[in-house]
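Bear in mind that the values in this text are calculations on the coordinates, not laboratory data. Bear in mind that the values here come from a model prediction, so they are computed numbers and not experimental data. Counting neighbours? That spans all protein chains shown, and the Cβs are built from the backbone with ideal geometry, glycine included.
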Amino acid sequence: MHHSKHRVSFGLRPLRWLSAALALALLLAACSSGGSNRDAESEPTTIKVMYWNDQMFQTEFGMLFYALHPNIEVEVVNTSAIQTGGDGGDYEEKLDEFIRNEKPDILLLSQEQYAKYAADGRLASLESYVTRDKFDLEGLIPGMADLMREKGGGELYGLSPRFSSQAIYYNKDLFDRYNISYPTDRMSWEEVLNLAARFAGDDSDEDRIYGLHFANADAHQLAQQIGLTQGLRVVNPADKRVTIDSESWVRVYETALNAVRSGVLYQDGPPDFSGIMSYEEFLLRDPFIAGKVAMSIGESYRLLQLREAVNVIPDKVVKNWDLVTMPVDPANPDFSYGIYFYEIFAINAESANRDAAWEFIRYIHSDEYARVKSKSLTSDFLVRTKYIRDDEGRNLEAFWSLKPLGANQYDLYRDLPGIFHMQLNSIGSEEMQAVLNDEKTVHEALASMQTRLQAALDQALANEERNGDAEAEQGSAGVSIETGVSVDEAEPEAAGDGAAE
């Protein structure tokens, strides 16, 4: 059968529209039996909710919420209106201004933003609502409520309806072929790499089987993941000093370098910018789907790709596979950095519609919502994990059986200039390549990294401070940095719009 060439849809959006229609049909059938009595008796209310854009909100939440809550109207405040330059810190300032201008009842926050807003007293506690409504926190992904309370200084201020996560996918057929025992949950990085090393053989390049794949990973990226799992830090957040030239980091980088030297790690080729690629070619670029690697660290969206691949190219893709948890720190084996909550809904402390706002938050985290939405195909998981199933009995619990530690590689640098993470990757990769080329020892490379990174960080912090001073001076002169228009000359609404954009 001839397959025509077409552009690749990386987001698989058509599935979302089909699934949303299915979910709505199921919900409307359920609505015939009745909705929320408390809402039916309440006065009509309009709440403002922050979200990426209105269309996405209606697909994910709006249609389902309106069907059972006819007395609550939702006005979506689009965060896409926040436009910034390349500086991540600038975004946080504009987000803060956006919230103060728009005054949404419900805020959409990242984990870092949630912790900051909770500490600043800008969120309303959910504890009394949870108690009043006997809201089931136990049915949520293990550790989420604990994490939200920890980041909230002991109080629950927000919840996230979905989570992203990573796990180790493994090809059972390859393990069987080489007579190697399957991986298990809660392995250390050393155990994972030792297991992967058993696949290093003398096969030709075309037929070569690799032990482990980690997208876009080189020796530096692999070392950073191992160090993160072990609780190591590149920068001391208290004094902004780079601390990578240490014996602990030496051991981590030596482990990663040995994995690369031994050929254990499958390294991705350069990205294809040719413009046209068949969907089959796109799917087969993933070495795990193509059956070229025994184990691969991947996120939940690969589940969709594997399902698609079996339908599109059944004779060329892995079929007999399963999952185990991400590698853990043996000293802290029940926790993982691989679980992340990227959209936390919280109630603005200044909201005059807290009860209606809670009704929305309660519903999108409810058993009822999860039951309906579980019928659709998405790239993330619902926090009501009992509705996450695999008809073939695969270990999907690998994605959530560990408790979230609430940080990832990017969180460690959130108080640093946005450019620092890019500098860390570029400088780290350069120095490790020098080691692989036998131009430096690991100790020499880390000493050089520390010097170069400290200089880069100091310069970025100085630039940030100068820019901040310049903005303060310009602001005190009554001029909008975004528009160049005198605030005194602008209409109040126009000033607000300019700030948001």
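Other residues lying with their Cβ under 12 Å from the Cβ of residue 457 contribute a combined charge of -1, Lys and Arg counting +1, Asp and Glu -1.
The GluC sites (Glu not before Pro) of the range 161-246 that DSSP puts in a loop, and whose beta carbon has at most 14 other beta carbons within 10 Å, are 206.
Principal axis analysis of the Cα atoms in the range 358-400 yields extents of 36, 19, 17 Å, listed in decreasing size.
Please check which bits of the range 418-438 a label hung off residue 459 would reach, taking the label as a point 7 Å along Cα-to-C-beta and the cut-off as backbone N under 17 Å. Under 17 Å, as judged by backbone N against the label point of residue 459, lie 418-431 of the range 418-438.
State the extension gain, in nm to one decimal, for the chain segment bounded by residue 75 and residue 301, taking 0.36 nm per residue of separation less the distance between their alpha-carbons.
On the way: separation 226, 0.36 × 226 = 81.36 nm, distance 2.98 nm.
Taking 0.36 nm per residue and subtracting the Cα distance, the gain is 78.4 nm.
For residue 103 and residue 133, a Förster radius of 22 Å and the Cβ-Cβ distance give a FRET efficiency of 0.30, rounded to the nearest 0.05. Computed extension gain for residue 120 through residue 176, at 0.36 nm per residue and net of the alpha carbon distance, reaches 14.7 nm. When the pairs 172/375; 172/292; 151/403; 292/386; 240/403; 94/116 are compared against a 24 Å limit on Cα-Cα distance, 172/375; 292/386; 240/403 fall above it.
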